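The values are calculated or read from the model by the stated rules, or taken from the named source; none is laboratory data. Everything quoted here is computed from the prediction, not taken from an experiment. Methodologically, a virtual Cβ is constructed for each residue, glycine included, from the backbone with ideal geometry; neighbour enumeration extends over all protein chains shown.
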Amino acid sequence: MICFDVLEHVHILDVRNVLVDIFRNAAKLAIINVACYSAAALLPNGENAHITVRQPLWWKGLIDSISVDFPNVAVWLLCSTGWHNTTAYAIWKAGDWAAQDGFVVKDGFY
């Protein structure tokens, strides 16, 4: 599943549902690119076309929290922070996190 330059156009209250749909339809890999800056274009009501502009770590955290429900789907997240600038996260799969040597759950902390 590939999603390029779409999520920043989705209202913040709908972003989670759209991401869940992306994961549900991804067989093995979801490639997601999000613009993290205001668009040059305005909507007819004067609002910026990018209605959900957030920092890359906000998108990473949200997608991490959804990816745990789809442990076999790998994710490659690219966050465009400007016209020629991108923050690219290493491809991850939530199902691999528990298998890592450094993954520890301490008593009382979950």
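Below, the figures for the structure above:
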read-out	value
Restricting segment 12-53 to residues that are out of contact with any strand residue (DSSP E or B) (no Cβ under 7 Å at 6 or more places or on another chain) and polar (S, T, N, Q), the residue that is farthest from residue 78 (Cα to Cα)	45
Selected residue (only one of 43, 57, 62 is loosely packed, with under 14 Cβ neighbours inside 10 Å and either closer than 23 Å to residue 94 by Cβ or touching a Phe, Trp or Tyr at 6+ places or on another chain (Cβ under 9 Å) (or both))	57
Matching residues, segment 65-79, being out of contact with any Cys (no Cβ under 6 Å at 6 or more places or on another chain) and surrounded by 14 or more Cβ atoms within 10 Å (Cβ to Cβ)	66, 67, 70, 73, 74, 75, 76, 77, 78
Within segment 24-53, tally of residues that are closer than 18 Å to residue 69 by Cα and either touching a helix residue (DSSP H, G or I) at 6+ places or on another chain (Cβ under 6 Å) or among the small types (Gly, Ala, Ser) (or both)	3
Residue that is farthest from residue 66 (Cα to Cα), among those in segment 80-93 that are at pLDDT 90 or above and hydrophobic (A, V, I, L, M, F, W, C)	88
Enumeration of residues in segment 64-85 that are of a type in the set (S, T, N, Q) and either touching a residue at least 12 places away in the same chain (Cβ under 8 Å) or part of a loop (DSSP other than H, G, I, E, B) (or both)	67, 72, 80, 81
Evaluation of residue 96 against (1) in a helix (DSSP H, G or I); (2) over 20 Å from residue 1 (Cβ atoms); (3) at pLDDT below 95 (one fails), failing number	(2)
Test: residue in segment 37-44 that is among the aromatic types (Phe, Trp, Tyr) and within 12 Å of the chain's Cα centre (by Cα)	no
Inter-residue pairs, beta-carbon under 9 Å, first loosely packed, with under 10 Cβ neighbours inside 10 Å and in segment 90-102, second part of a strand (DSSP E or B) and hydrophobic (A, V, I, L, M, F, W, C), 6+ apart	90/76
Long-range neighbours under 7 Å by Cβ, at least six apart or interchain, first residue touching a residue at least 12 places away in the same chain (Cβ under 8 Å) and part of a loop (DSSP other than H, G, I, E, B) within segment 1-29, second buried (at least 16 other Cβ atoms within 10 Å of the Cβ) and of a type in the set (Phe, Trp, Tyr)	none
